[in-house]
Each structure stands twice: as C-alpha cells, then as structure tokens.
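Here's the structure, in structure tokens; my notes come after.
Just so you know, all these numbers are worked out from the coordinates, no wet-lab data involved. Quick caveat, the model's predicted, so the values are computed rather than measured. Cβ: placed from backbone, ideal geometry, glycine included. Neighbour counts: every protein chain shown.
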Amino acid sequence: MNAPNLGSPLSSLADDARRPVLLRQLEKKLLWLSSWMIHNANHVRPNRDGLKVGGHQASCASIISVMTALYFEMLRPQDRVAVKPHAGPVFHAINYLLGRQTQEKLTGLRQFGGIQPYPSRMKDGGEVDFSTGSVGLGVAMTTFSSLMQDYVHNHGLVRPDLPRGRHIALAGDAELDEGNIYEALLEGWKHDVRDVWWVVDYNRQSLDSVLPDRLFGRIEGLFQDMGWNVVTLKYGRKLQAAFAREGGNELRAWIDDCPNSLYSALTFQGGAAWRQALLADLGRSQGLRSIVDPLSDSELATLMNNLGGHDIETVTEAMRTAAAEGDQPTCFIAYTVKGMGLPFAGHKDNHAGLMTKEQMEGFRTAMNIRPGHEWDMFEGLDVPEKEIRDFIASCPFATPLTPEGRALTAPMVQVPANLPMPKIAGRKGATQNGFGDILAEIGRGQGEYRELAAHILTTSPDVTVSTNLGPWVNRRGIFDRHTRNDVFRDAKLASAQRWGMSPKGQHIELGIAEQNLFLLLGAAGLSSSLTGARILPIGTVYDPFVNRGLDALIYGCYQGARFLLVSTPSGITLAPEGGQHQSLNTPLLGMAADRLVSYEPAHVDELAILLRHCLEHMQKPDGSAAWLRLSTRQLEQPDRKLDLAAVIAGAHWAVPPGPGARIAIAYQGPVAPEAEDAFAQLREEEPTAGLLAITSPDVLHAGWLAAGKARRAGDRAARAHVESILGALAPHAALVTILDGHPAAHAWLGAVRGDRVVSLGPDHFGQTGNIPDLYREYGLDTDAILDACAQALLEG
Ligand SMILES: Cc1ncc(C[n+]2csc(CCOP(=O)(O)OP(=O)(O)O)c2C)c(N)n1
Ligand SMILES: [Mg+2]
C-alpha cells in the first residue's frame with residue numbers, strides 16, 4: 001500500500017522561484033476551464049427544453065487563486081475539503097488536471113449523468129469529500145468530521161495507514177449568515193476541535209447584493225472568541241508594495257474606508273473609473289499621484305484588484321504560517337473580487353450572470369485558446385507542457401490517499417441475530433424505555449455484543465437522559481479529547497448519571513442545537529468512507545425537533561451518511577409535555593426522506609427486531625440511514641412470536657382476518673390500546689375482522705411503488721408486502737387506520753387495492769392534557785375508531 005505523501009510542499013521538483021509562475025499558469029487554466037465548462041453547458045451543448053441551464057462563473061472566478069494555492073501547494077492527500085457549492089466547476093477542473101476527472105463528465109456539467117452543479121459525493125465520485133449545496137452546512141460539517149477524526153483515532157479504529165488530516169471548508173462569505181455556522185462554532189469550541197480551516201471567499205457579494213461594510217470586523221471577533229486563529233488576507237503583494245511608497249498610507253486608508261458596494265462598482269467599471277475616484281478624493285496628494293499617474297488604466301485596475309485572496313503567494317504564505325503554528329482552528333478571510341478576471345467582475349448582479357457568446361470569444365482570445373482545443377489541458381499556457389505536467393505530478397495532493405482512492409470502506413460489524421430483549425412480556429413498558437434498556441445491555445459489551453458495543457457512538461443534543469441514553473452512557477462514558485472527572489461523583493453526591501469524560505468515551509454530548517446533532521450524525525455516518533473506521537452512530541432527539549435540524553438531516557442522507565436517528569417522545573401522545581412539543585408531520589418526513597428508512601414500533605418486541613435491523617441496514621452497501629420514532633407511553637407488552645420479515649417489511653397481522661373479512665383496523669405506534677379496544681368491540685359484529693400492526697408506512701409505501709414499477713417493467717409476478725397483507729381481506733374491504741401523526745401517512749393505503757380507507761390521526765395539534773383528553777379531542781380514542789369503522793362499512 002502506498003503511504004500518502006506527507007512531505008513538505010517544498011519537496012517538489014520545481015524550484016522556489018518557478019513555483020509562483022507555474023501556479024499562476026494553473027490559476028489561468030482553472031479560470032478558463034471553469035468558465036468554459038459553464039459556457040459549454042449553456043451555449044454550446046444542445047438545449048432540449050429551452051430552460052436556462054445556469055452556473056456561476058463569477059463565484060468560481062473569485063475563489064480560483066485560493067483553490068490553486070490550496071490544491072497545488074498546501075493540500076495533503078489526508079486532508080478533507082468541503083468546497084463552496086458554486087465553486088463546483090473549479091473543483092472538477094482541478095481533478096481534471098490531476099487526472100481524476102474525465103472530459104466527458106465536464107462537458108456534461110448539469111446534464112443527466114454529468115457532474116452536478118454542486119460537488120456531490122454520491123453523484124460525482126470519490127474525489128468529493130463532502131457534498132455541498134445548502135449553504136452553511138458543508139462549512140460546519142468540517143468541524144464535526146474533524147471531531148470524528150479525533151474520535152476514531154482515540155478509539156484506535158482508524159486505518160493504520162491513514163495519517164491525521166486537516167478538515168477544510170472553502171466558504172462563500174454569505175454562508176456566514178447561516179445560523180448553523182455559529183452553532184457549530186460554539187460546539188467546536190466546547191469540544192476543543194482541532195485541525196479545522198475555514199477559508200472565506202470574502203468577495204463581499206452574495207446572490208442579491210453586496211454585503212454590509214465592516215461585517216467582518218464583527219465576524220473576526222466572533223471567531224477569536226471561539227478560540228480560532230483569524231488570518232485576514234486583505235491585500236496582495238502589489239498593493240502592499242504600493243502602500244510602502246510615499247502616498248501609500250493615503251491609498252491604504254482610502255481603500256479601507258471605501259464602501260464594499262463602491263469598491264465592487266469601481267472594479268466593474270475598470271481603470272478609468274478607479275482613477276477618477278482616487279483623484280477626486282486624493283488628487284492633491286503628490287505621493288498618491290506618483291503611484292497612480294504612471295500606471296495605464298489597465299495597470300491601475302490590476303493594482304486595485306490585487307486583493308489578498310487573488311495573490312497566490314500571499315495565500316500560500318498565510319497557509320504555511322498557520323500550518324506551522326499547529327492545529328488551532330483557523331479562519332482565513334480572503335478578500336476577493338466576485339468574477340475576478342471576467343467581464344462582469346464586481347457587478348452586483350453577477351452571481352448567476354453568464355458571459356455572452358461575444359464575451360466568451362473575447363475571453364478565449366485573451367486566454368489564447370484555439371477553437372476546438374477548449375478542453376486541452378495545456379492549451380494557451382506560457383510554459384512548456386512537460387514542466388507543468390511535472391509540477392502537477394509533484395504536488396503533495398497528487399499522491400493518491402490510498403490505492404482505492406479517497407472514498408474508503410470499512411468491514412461490516414456483525415450484529416448478533418437477536419438483541420438483548422428486556423423481559424417485559426405481560427408487563428407495561430414503552431418503546432423509549434425499551435430502547436434505553438436494550439442499548440444499556442449492549443453497553444455491557446459482553447459476549448457476542450462486545451464488538452457491536454465497541455463500534456456504537458451515541459450522541460444527543462442535551463436530551464441524553466430524557467431519551468433514556470443514560471444507562472448506556474454510564475457504561476460507555478462520554479467522549480472528550482481530555483479526561484475530565486465527574487465532579488458530582490467525585491464529591492460523592494448522589495446521581496443516577498456518571499458523566500466522566502475521556503478520549504475513550506462513546507457518547508458525544510452536544511448542546512441543544514439540533515442542526516449540530518444532524519451534522520455530527522452526518523459526519524459520523526461518513527466515517528467508514530472518510531477514515532475507514534466503521535462507526536454506528538445513534539442520535540436521539542425529541543421527535544418534534546427533527547424539524548429544527550431537518551435540512552441538516554436531509555443533507556446527511558443526501559451524501560450517503562449512515563446513522564440511526566431515534567426520535568422520542570413523539571406525536572400528541574407525549575401529552576402533558578405540552579402542545580408545542582407535539583409532532584404531526586414526522587411520519588410524513590420519514591416517508592419522503594430519501595436514503596432514510598423510518599419505523600415506528602408500538603411494542604418493545606418489534607423495537608428489538610427493528611433496532612437490530614437498522615444497525616445492520618445502515619452498514620449494507622445498498623442500505624441507508626435509519627429512523628426509529630418512539631414513545632414514552634407505557635403499553636402492556638404482549639408475549640408472542642413475531643413474523644420478523646413482516647415487521648421489517650412494514651406491517652404484520654396482530655390478529656389475522658378470517659376468510660372473506662370485510663374490515664380491518666390498522667394501527668401504528670402508541671395508539672395500539674385504542675385500536676385493540678375498538679377491535680374487540682368490532683369483532684362482536686364482524687367476527688372475521690383483522691387487526692393490523694403497521695411498523696413502517698415508509699417501507700410499505702416504498703415496496704408498493706417498487707412492485708408497481710417492476711410490474712410495469714414486465715415482472716408480472718412482482719408483489720409488494722402491503723399487497724400480500726391486504727390480500728387477506730375481501731376485495732373492496734373497509735380499512736380504518738390510526739396513528740399518532742398526520743393521517744395522510746396512511747391514506748394512500750386505499751389506492752393499493754381500492755379498499756375504503758378511513759385514516760385517523762391528528763391534523764391539528766397544540767393542546768396539553770392527558771392522553772384520554774387529547775385522544776378524544778383529536779379523534780384517536782376508541783369511539784372515534786368505532787365511528788370510523790361504521791363509516792367505512794356503511795359507505796361500502
Ligand atoms: C440554505 C441555502 N439558501 C439559499 C441558497 C441559494 N444561494 C445559493 S448561493 C447564494 C449566495 C451565496 O453567496 P456567497 O456565499 O457569498 O457565495 P459567492 O459570493 O462566493 O458566490 C444563495 C443565497 C442556498 N444554496 N442554500
Ligand atoms: Mg460572496
């Protein structure tokens with residue numbers, strides 16, 4: 001196995017004096033390729049539907065120097081990067097130059113099967129470390145992936161050939177408006193996260209507008225307060241040289257005082273406008289004139305655009321210094337011009353602006369690219385091809401991370417055939433307690449559970465104890481880079497919780513911000529790919545607050561992260577905890593979320609089956625992340641033998657229907673007792689009626705869609721589990737369904753065979769109370785079910 005190249009960037013072939021020249025050539029090439037890639041997608045490729053394809057030439061242009069310096073000087077194979085979404089084309093162009101991306105893919109930018117607009121782990125291949133797109137999330141993700149790097153190293157789970165890397169985010173400045181950034185900063189500080197760099201492309205423009213002035217004064221302070229090193233790259237070397245001359249101080253003060261919007265407008269207008277503005281304010285300064293007067297308009301524009309983030313040497317130097325200083329998290333604020341080097345540089349409307357065909361022709365001429373040679377790697381460069389090829393090959397990042405590339409794999413952890421089932425048959429119990437008990441038992445790490453226990457990592461945003469993770473945590477400890485004693489325990493103060501922290505702990509305690517939970521689950525769920533270590537992350541949260549972190553949850557699933565979400569308590573059944581805490585929409589979220597399988601068991605025996613299934617499913621190549629929606633309602637626990645496959649497939653008959661049954665009641669989750677009561681009464685009149693336990697409308701529905709699709713594709717025998725289940729009823733039967741969630745989660749069941757479905761479930765929420773009162777108010781009690789049965793039978 002090749003060891004990654006850990007050598008200093010200076011160990012390459014090119015000598016020091018030649019490096020900046022070669023880097024500038026690459027910078028030029030990346031500007032061309034990213035612009036052309038977008039132009040090709042919009043103006044060259046046939047357009048089949050008349051829709052604008054789009055792309056962000058200006059967003060690419062502003063970060064090209066930074067990315068050139070980073071990828072061709074600083075980056076080591078073991079570093080991981082989240083690239084700002086709109087710099088996707090630059091990222092792919094870099095990989096093209098490194099021989100890791102094909103021309104065919106580049107020509108297919110934004111096309112079906114081509115590269116995605118924003119870097120995507122799942123669609124663009126193994127070079128992408130983190131998907132990005134929803135601004136702010138990719139940036140924050142690096143904090144949690146770095147924390148996970150610490151975790152796997154401290155637990156001895158990391159691949160032996162994998163050195164520690166730096167986790168780097170290339171951020172747009174508007175990304176720092178996202179609140180999740182600050183939540184992550186705070187959490188990162190608490191966990192003393194190291195080896196994180198955020199490089200902000202401070203072009204002072206977002207989508208609609210130019211950012212307010214002096215914003216970064218504030219932001220800089222915030223970073224410093226959170227223990228970050230902040231490095232501001234405001235001026236390039238040309239400007240710095242000008243400042244050193246007589247009149248330079250005035251020039252510098254003028255630039256410092258120049259509002260962002262004026263600076264942008266002057267950049268767009270060019271040299272003559274710069275001259276006019278400078279002379280209007282400083283024309284009487286001899287020193288200033290001696291700097292400005294000898295310059296042509298275009299030279300003056302070049303000087304004024306020589307911001308730190310466009311000066312490769314300034315960027316490289318700053319990064320080298322930070323790297324030499326150690327592992328403190330570092331934020332680089334790189335001043336840039338949006339659209340640098342392109343005709344719309346600095347214009348406030350340039351975010352989605354595209355060069356016209358005429359502008360592109362001008363750009364082509366300036367870049368010295370012959371028609372038909374647009375994709376040639378070394379076309380139009382001013383240095384011999386061999387020299388630049390050798391230079392690229394000598395970059396530290398050109399060495400593959402491992403023989404199998406950057407996307408690693410880890411063997412599956414075997415999940416024993418049965419999880420330890422609490423002995424509660426015939427007694428009362430809740431799925432949430434059952435979950436805590438099973439996990440605590442696994443946490444003993446005995447016998448066949450030893451291996452499984454070693455790979456589980458739990459986390460929770462300040463609801464560890466109230467979601468029943470306490471006993472697991474007591475056994476496995478809390479993770480922290482530093483060992484910290486439990487003060488209460490040391491003082492012999494009674495507490496059920498033992499909260500000692502150590503690098504060997506297996507629970508990461510988060511502050512209350514739910515987006516951080518999902519970002520951590522996302523990062524932990526990518527561990528096998530990023531570190532080659534199999535981690536089985538389990539995160540608990542109150543069900544309604546899944547909504548609070550929903551974008552981050554979807555973001556994690558989008559990039560293929562594997563984790564188990566346990567949301568509890570849920571629905572209106574959490575009754576006295578308050579109306580605000582009730583959740584209606586989560587079953588629908590579970591159905592609609594891609595790469596996330598969701599379940600809601602009613603009883604602990606189902607939970608034990610499903611928890612086991614999820615722990616396995618989240619490791620399988622064709623698996624996904626998983627979600628268990630649980631409850632604190634204590635239900636009588638049945639003593640029965642379950643049909644495992646049916647529980648996993650989404651539904652099983654609690655009481656199978658008799659021949660020719662014309663009605664069934666179906667329940668999901670903690671409303672089981674009301675369904676059972678109603679069922680007992682219904683049976684008196686309809687002795688063949690069945691009682692169906694639904695464990696997952698998500699899996700049932702997905703199976704039904706898949707079977708329909710298979711039949712349309714010619715597989716006439718394809719049959720979904722839900723079709724088999726409902727097939728036990730007479731045709732056009734009545735089906736009354738009930739769940740503690742929005743009834744739309746079940747309403748579709750009527751479409752499976754044309755049965756008459758009446759779905760019950762709260763479609764309003766917000767009252768506190770006890771369960772009987774709330775179930776009556778929201779139509780989930782026995783009477784409501786019986787009324788629905790009468791309706792379903794009568795309307796037949
Ligand atoms: C969460 C989210 N909200 C909105 C958008 C739409 N959007 C894409 S880019 C952008 C502005 C980005 O500005 P900035 O981060 O400064 O990037 P740059 O100037 O480098 O293009 C917006 C609002 C998005 N992608 N994600
Ligand atoms: Mg910006």
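Values for this structure:
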| read-out | value |
| --- | --- |
| Two-site label geometry, ALA645 and THR302: point separation in nm, points 7 Å out along Cα→Cβ | 7.4 |
| Leading residue at positive end of dipole, the chain (Cβ point charges), from VAL292, GLY133, LEU635 | VAL292 |
| At 1.567 mPa s and 4 °C, Stokes diffusion of the chain via Kirkwood alpha-carbon radius, µm² per second | 44 |
| Linear extension gain, ARG245 paired with GLU220, 0.36 nm per residue minus alpha-carbon span | 6.1 nm |
| Lys, Arg +1 and Asp, Glu -1 on Cβ, resulting dipole of the stretch 516-636 about Cα centre, debye, nearest 20 | 320 |
| Using a Förster distance of 51 Å, the FRET efficiency for ALA454-VAL44 (Cβ separation, nearest 0.05) | 0.40 |
| Gap separating the Cα centres of the stretch 302-320 and the stretch 351-422, nearest whole Å | 23 |
| Overall Cα dimensions of the stretch 750-796, principal axis frame, Å, largest first | 38, 19, 11 |
| With Cα atoms, 0 to 90° folded angle of helix 248-257 axis to the chain main axis | 30 |
| Hz values of 3J(HN,Hα) by residue in the stretch 28-44 - Karplus curve (6.51, -1.76, 1.60), Gly and Pro given as x | 4, 5, 5, 5, 5, 4, 5, 5, 5, 4, 6, 4, 4, 5, 8, 10, 9 |
| Lysines with Cα under 20 Å of LYS190, excluding same-chain neighbours fewer than 8 positions away | LYS504 |
| Protection proxy ranking, peptides 260-268, 601-609, 60-68, average beta carbon neighbours within 10 Å, highest first | 60-68, 601-609, 260-268 |
| The chain: antiparallel DSSP beta bridges as a percent of all, rounded to 5 | 15 |
| Rounded FRET efficiency, nearest 0.05, which uses the C-beta distance separating GLN791 from ARG753 and R0 of 30 Å | 0.95 |
| Distance histogram in 5 Å bins (all Cα pairs of the stretch 1-160, percent per bin) | 1, 8, 15, 19, 19, 15, 11, 7, 3, 1, 0 |
| Among LEU700, HIS742, TYR778 - extreme Cα towards positive end, dipole of the stretch 690-785, charges at beta-carbon | LEU700 |
| Cα-centre dipole for the stretch 49-180 with unit charges at Cβ (Lys and Arg positive, Asp and Glu negative), debye to 20 | 280 |
| Note, ³J(HN,Hα) from phi for the stretch 502-517, Karplus 6.51, -1.76, 1.60, rounded to Hz, x at Gly and Pro | 7, x, 9, x, 10, 10, 9, 8, 9, x, 6, 6, 5, 4, 5, 4 |
| Set of the stretch 87-111 residues, backbone N closer than 15 Å to the point 7 Å along the Cα-Cβ line of PHE378 | 97-99 |
| Where the Cα pairs of the stretch 372-434 fall when distances are cut into 5 Å bins, in % | 3, 10, 10, 9, 8, 7, 7, 5, 5, 5, 5, 5, 6, 6, 4, 2, 0 |
| Volume per residue that the Cα convex hull of the stretch 464-548 spans, once the total is divided by residue count, Å³ | 105 |
| Length added when fully stretched, SER209-VAL655, from 0.36 nm per residue minus Cα-Cα | 154.3 nm |
| Separation of the ASP677 and THR321 label points, Cα + 7 Å toward Cβ, nm | 7.3 |
| Tensor-based shape of the stretch 395-512 (alpha-carbon gyration tensor, a/c under 1.5 rounded, otherwise prolate or oblate) | oblate |
| Radius of gyration and Dmax over the Cα atoms of the stretch 616-715, both given in Å | 16.2, 49 |
| ALA82 long-range amide H proximity, modeled H, under 5 Å | ILE168, ALA169, LEU170 |
| Cα centre as origin, Lys/Arg/Asp/Glu Cβ charges: the chain dipole, Debye | 1620 |
